[in-house]
Amino acid sequence: MDFSIAPITRSQIPVLLRLIRELARFERLEHEVEATVEILRESLCGPQPSARALLARCGDKPAGYALYFFTFCSFAGRPGLWLDDLYVRPEFRKRGLGRALIQEVARIGAGRNCARMEWIALDWNQKALEFYRKIGARVLDDWVMLRLSSEGVKDLANR
């Protein structure tokens with residue numbers, strides 16, 4: 001398969017948002033998408049980007065993306081890397097594109113001397129979990145994911 005992977009540009013943000021919505025639909029979480037083109041432009045391409053994205057194309061067609069950001073590992077004293085999204089459109093799956101995207105994110109992390117790369121997957125997505133295990137990832141059964149919503153963050157901040 002002839003595909004390319006490159007950092008997202010401002011002009012490609014509408015394409016990225018469509019892909020994010022496709023991923024949300026696949027994950028049955030479409031009701032949680034709040035992102036807009038404007039929000040994504042500021043978050044990914046603004047003066048202080050909080051995250052970065054790679055866009056994969058097959059010819060002139062958008063085929064998938066990876067969205068990531070840097071964290072910090074206090075025990076290692078070095079940066080970490082969080083893979084927020086990895087998505088390949090169904091018609092481009094089983095061709096090595098998912099592996100190529102996650103490898104590119106890993107190269108970026110290795111270039112920044114990241115202590116680790118982490119992400120989450122839905123427990124019902126067995127194909128994804130199998131893929132992640134094949135590339136050497138391990139499931140952390142002893143950790144629990146916690147979250148405050150935007151409203152919860154504001155509420156806690158104002159207590």
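The values are calculated or read from the model by the stated rules, or taken from the named source; none is laboratory data. Predicted, not measured: the structure shown is a model, and the values here were computed from it. Counting neighbours? That spans all protein chains shown, and the Cβs are built from the backbone with ideal geometry, glycine included. With ligands, DNA and RNA removed, areas are computed over all heavy atoms of the protein, side chains included. Shrake-Rupley method; radii C 1.70, N 1.55, O 1.52, S 1.80 Å.
Some points to look at:
- Förster-model FRET efficiency, 41 Å R0, Arg159 and Glu27, C-beta, rounded to 0.05: 0.80
- These residues, Val139, Val105, go from largest to smallest accessible area, 1.4 Å probe, as Val139, Val105.
- Where N is the number of residues in the stretch 30-140, Cα Rg divided by 2.2 N^0.38 Å: 1.12
- Charge dipole of the stretch 25-159 (Cα centre as origin; +1 on each Lys and Arg Cβ, -1 on each Asp and Glu Cβ, all else neutral): 680 debye, rounded to the nearest 20.
- The relative contact order of the chain, computed from alpha carbon pairs under 8 Å that lie at least 6 residues apart in sequence, is 17 percent.
- Of all lysines in the structure, those lying under 24 Å Cα to Cα from Lys134, and not within fewer than 8 positions of it along the same chain, are Lys94.
- The residue among Ile135, Leu23, Leu55 whose Cα reaches farthest toward the positive pole of the charge dipole of the chain, with charges on the beta-carbon of Lys, Arg, Asp and Glu, is Ile135.
- Estimated translational D of the stretch 99-142 in µm²/s (Stokes, Kirkwood radius over Cα pairs; 37 °C; 0.692 mPa s): 284 µm²/s
- Pairwise Cα inverse-distance average, inverted: Kirkwood Rh of the stretch 3-74 (Å): 12.9 Å
- The order of the peptides 71-77, 113-119 by mean Cβ neighbours within 10 Å, most packed first, is 113-119, 71-77.
- Ordering of 9-17, 27-35 by burial proxy (mean other Cβ atoms within 10 Å per residue, highest first): 9-17, 27-35
- Listed peptides 124-134, 89-99, 145-155 by packing density, highest first (mean Cβ within 10 Å): 89-99, 124-134, 145-155
- Candidates Gly98, Leu156, Tyr87 compared by Cα position along the dipole of the chain: farthest toward the positive end lies Gly98, with charges placed on Cβ.
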